[in-house]
Protein chains: 2
Amino acid sequence: MIITLPQPYLLFLGDVTSARYAKTAFGLRDWAPERCVGEIALPGTTITTNLPRLSPLEAYQRGARALVIGVASRGGMLMPSWIPTLVGALEAGLDIVSGMHSKLGDQPEIRRAAERLERKLFDIRTPPSDIPIATGRKRSGKRLLTVGTDCAVGKKYAALALARAFRARGVDAEFRATGQTGILIAGSGVPLDCVVADFVSGAAETLSPDAAQSHWDIVEGQGSLSHPSYSGVSLGLLHGTQPDVIVVCHELGRETLMGLHDFPLPSLEETIALNLTLAQRVNPDVRCGGIALNTADVSDEQARLAIKKYRLQVSLPVADPMRGGPELDALVSSCLGG
Amino acid sequence: MIITLPQPYLLFLGDVTSARYAKTAFGLRDWAPERCVGEIALPGTTITTNLPRLSPLEAYQRGARALVIGVASRGGMLMPSWIPTLVGALEAGLDIVSGMHSKLGDQPEIRRAAERLERKLFDIRTPPSDIPIATGRKRSGKRLLTVGTDCAVGKKYAALALARAFRARGVDAEFRATGQTGILIAGSGVPLDCVVADFVSGAAETLSPDAAQSHWDIVEGQGSLSHPSYSGVSLGLLHGTQPDVIVVCHELGRETLMGLHDFPLPSLEETIALNLTLAQRVNPDVRCGGIALNTADVSDEQARLAIKKYRLQVSLPVADPMRGGPELDALVSSCLGG
């Protein structure tokens, strides 16, 4: 029902020359290093993850079970220059995992090689076909959902950092992925933006099933209730997750919606209130643990001042989860303790 | 981009013996009589729409251009006993329209006959593939959306009745369909529950495009913001429609959510407030025109009393659009006039 990927990975860098096109590979190196045995690249590639550069066979011998396409091409298509390496990976015993728009099996040489060698091709943009309609039934265990003032404000990395910080305190916590990169990092998940509309809440319910009462699922948010292009996905995810705690994610300096510059960003207070109001439908005890502020684009000092300003504004813990520190400790305590 | 069906229709009743299985045929007879030239049924059928019973050729000669499967089978499958009649319709020059789960083209005899005769097969559960992501751009013309306290409370029929009442006053109004039966009645629309989640708002935008300032699109609502299984579809539709007016639909006596009996129905006041709060994101001037109360299950007198009770409760016009009368007049005036 949920996609589960073979691991660990060999990261394929193609022939790209800009780190901007290799976000998937770098994300995996940073967030799932224990799942990455090495990298492989074509001649001309100028970037590196600093993982060992391995042939497919070397990677297989070191335990790799899948090659992950870690780069994006223009238009999300498979490049003809990549095919010999991908076929070589199949021959070495690796499956292939792709988050590209074009499907691996649509490429005849790759499809035939996979069939011949009985290897699997994973297109993680394709959702599983057996997702149920949501039931709204209250599940055991605890859930935290990262929600946003907008798209692309850091909901995935906030969830990953919170899961890591929870575990550092000895809490049984698991990151639950709802998008392509998150699924690669977690090794499983549901690509929520590809699910048919009626099944979004059901997919979210399936993603965080009944668990021990002390267990936390930290669910990667999608979109924003205030983004008119994607709000339906956000509400379906909120209702299906039944969060005990939400953490509102915001990017410092963002003033208008991504892609829709006529729309001012909602305030933090408005975002908290709207998410809590709607989440109360499925969990009357839901509360906001605090704010995850993405300060990647400013200096340490500017980040410190901004975090303080927002903390006074909303009277809740505020932290940049990527910077850590006592602010993150306070945010984690708030999420855990109430 | 939007499904558009050949018309008028010949209604196929299969071999069913209960009107409960022929809701599509009766809905078309009641709401699109000018689009229905007759009915066709297999031996053993005990129901009738009271439209002329015609052979496919007679129907074609009277102008019919499509046979519509007007009945549901258990499991939504095409029944083998239907196939000769359906092939006969293709031979007579009719296309076939189906809202069933199983696809017409998956049945080999029907697919081959359609190919041979160059006829078209319309599966209206299959959404168009070229739906754009929503832009949130404000469109010209006016829009009314029927929203609900729950699923299946009468949002489609309220929208149809309001569109009819608007036109009776000389207002340029069009019903915009978002579900299978609505699409058959209107002859076009988008099956919103089959659209991939990221595209729901875009589908709603496409469905009610720029129009003359005095034109009203009356959009068929789906689900409910308070129904945890389908709320995402409802919010995507609300944001994509950018309504000027919402009409809240409710079924008299409904106390818990359809299929989720642990969930009490939200109050009318809560439903109005939640829909307006979220709709203001895309149209700050949105207002609630009133309540469409489905009183189908009670007597005239009980309906009259309930309508009065709710009117006093919410201080807005309340009407059962299917009963009409001065209450419907007041609701229409409120929607039009503000």
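Throughout, read-outs are computed from the coordinates displayed, never taken from laboratory work. The structure displayed is predicted, hence computed values, not measured ones. Neighbour counts are summed over all protein chains in view; Cβ atoms, including those assigned to glycine, are modelled from backbone coordinates with ideal geometry.
Counting only aspartates and glutamates at least 8 places from A:Lys138 when in the same chain, those with an alpha carbon closer than 17 Å to its own are A:Glu205, A:Asp210, A:Asp217, A:Asp244, A:Asp285, B:Asp262. For the options B:His239, B:His261, B:His215, a Gaussian network treatment of chain B with springs between C-alpha atoms closer than 10 Å singles out B:His261 as fluctuating the most. In this assembly of identical copies, the label point of B:Glu255 (Cα plus 7 Å along Cα-to-Cβ) is separated from its counterparts by 5.4 nm, sorted shortest first.
What relative contact order, as a whole-number percentage, does chain B give when Cα pairs under 8 Å and 6 or more residues apart are counted? If you can, show how the numbers build up before the last one.
Details: 706 pairs, mean separation 51.4, N = 338.
For chain B, the relative contact order is 15 percent.
Using only the Cα atoms of the protein assembly as shown, build the gyration tensor, take square roots of its eigenvalues as a ≥ b ≥ c, and label the shape rounded, prolate or oblate: rounded if a/c is under 1.5, else prolate if a/b is larger than b/c, else oblate.
oblate
For segment A:142-337, the relative contact order is 25 percent, taking Cα pairs closer than 8 Å that sit 6 or more residues apart in sequence and dividing their mean separation by the residue count. Inter-chain Cβ neighbour count for A:124-137, averaged per residue, equals 2 (cutoff 10 Å, partner chain atoms only).
Compared with the dominant Cα axis of chain A, that is its longest principal axis, helix A:300-314 is turned about 50°. Could you identify which residue out of B:Ala212, B:Ala186, B:Ala159 has the top mean-square fluctuation in a GNM of chain B using Cα springs shorter than 10 Å? Residue with maximal mean-square fluctuation among B:Ala212, B:Ala186, B:Ala159: B:Ala212.
Among A:Ser229, A:Ser299, A:Leu144, whose Cα projects farthest towards the positive end of the dipole of the protein assembly as shown, with charges put on the beta-carbon of Lys, Arg (+1) and Asp, Glu (-1)? Going by the charge dipole, the pick is A:Ser229. Neighbours of A:Phe26 by Cβ distance under 11 Å: Lys/Arg scored +1, Asp/Glu scored -1, total +1. The packing ranking, built from the mean of other Cβ atoms within 10 Å per residue, places the peptides A:216-223, A:241-248, A:165-172 in the order A:216-223, A:241-248, A:165-172, highest first. Other protein chain C-beta atoms within 10 Å of residue C-beta, averaged over A:220-228: 4. Dipole check for the protein assembly as shown: with +1 at the C-beta of Lys and Arg, -1 at the C-beta of Asp and Glu, and the Cα centre as origin, the magnitude is about 120 Debye.
Using Cα pairs under 8 angstrom and six or more residues apart, how large is the relative contact order of segment B:3-123, in percent?
Details: 227 pairs, mean separation 31.7, N = 121.
It comes to 26 percent, rounded to a whole number.
Taking the Cα-to-Cβ direction at B:Ser55 and at B:Met77 and moving 7 Å from each Cα, how far apart do the two end points lie in nm? Output for this residue pair reads 3.1 nm. Packing here is the average count of other Cβ atoms within 10 Å per residue, and on that basis the peptides B:96-109, A:91-104, highest first, run A:91-104, B:96-109.
Can you say what percent of the DSSP beta bridges in the protein assembly as shown, counting only those with both residues inside, are antiparallel? Round to 5.
Numbers: 9 of 83 bridges.
Expressed as a percentage, antiparallel bridges in the protein assembly as shown total about 10.
Counting from the shortest, the label point at A:Ser140, 7 Å from Cα toward Cβ, is 6.1 nm from the same position in each remaining copy. Across peptide A:235-244, the mean count of Cβ atoms from other chains lying within 10 Å of each residue's own Cβ comes to 4.
Taking R0 as 30 Å, what's the FRET efficiency between A:Ala296 and A:Leu42 from their Cβ-Cβ distance, rounded to 0.05? Please report the intermediate quantities before stating the final value.
Numbers: r = 30 Å, r/R0 = 1.00.
Rounded to the nearest 0.05, the efficiency is 0.50.
Between the residues A:Gly182, A:Ala279, A:Ala158, the greatest Cα displacement towards the positive end of the dipole of segment A:142-337, with unit charges on the Cβ of Lys, Arg, Asp and Glu, is found for A:Ala158. May I ask for the angle, rounded to the nearest 10°, between helix A:325-337 and the longest principal axis of chain A, with both axes built from Cα atoms and the value confined to 0 to 90°? Computed tilt is about 70 degrees. Between the helical axis of B:268-279 and the longest alpha-carbon principal axis of chain B there is an angle of about 80 degrees.
Spin-label model, B:Glu269/A:Lys103: points 7 Å from Cα along the beta carbon direction are separated by 5.2 nm. Modelled spin labels at A:Arg254 and A:Arg111, positioned 7 Å past Cα toward Cβ, are 3.9 nm from each other. Across the identical copies, the 7 Å label point of B:Glu118, projected outward along Cα→Cβ, sits 4.9 nm from its counterparts, in ascending order.
Using 0.36 nm per residue of separation minus the Cα-Cα distance, give me the extension gain between B:His261 and B:Ala152 in nm, one decimal. Could you put the intermediate results ahead of the total?
Values: separation 109, 0.36 × 109 = 39.24 nm, distance 1.44 nm.
That pair, B:His261 and B:Ala152, stretches by 37.8 nm at full extension.
Based on DSSP H runs of at least 4 residues, each adding -39500 (n - 2.57), what is the mean residue ellipticity at 222 nm of chain A after dividing by all its residues, to the nearest 500 deg cm²/dmol? Write down the numbers at each step before the final one.
On the way: 11 runs with 114 residues, N = 338.
Result for chain A, helices only: -10000 deg cm²/dmol.
What percent antiparallel are the DSSP beta bridges of chain B, to the nearest 5? Please list the in-between numbers first.
Values: 4 of 41 bridges.
Around 10 percent of the beta bridges assigned by DSSP in chain B are antiparallel ones.
Quick one: work out the % antiparallel among DSSP beta bridges in segment B:142-337, nearest 5.
Values: 2 of 24 bridges.
Here the antiparallel bridges make up roughly 10 percent for segment B:142-337.
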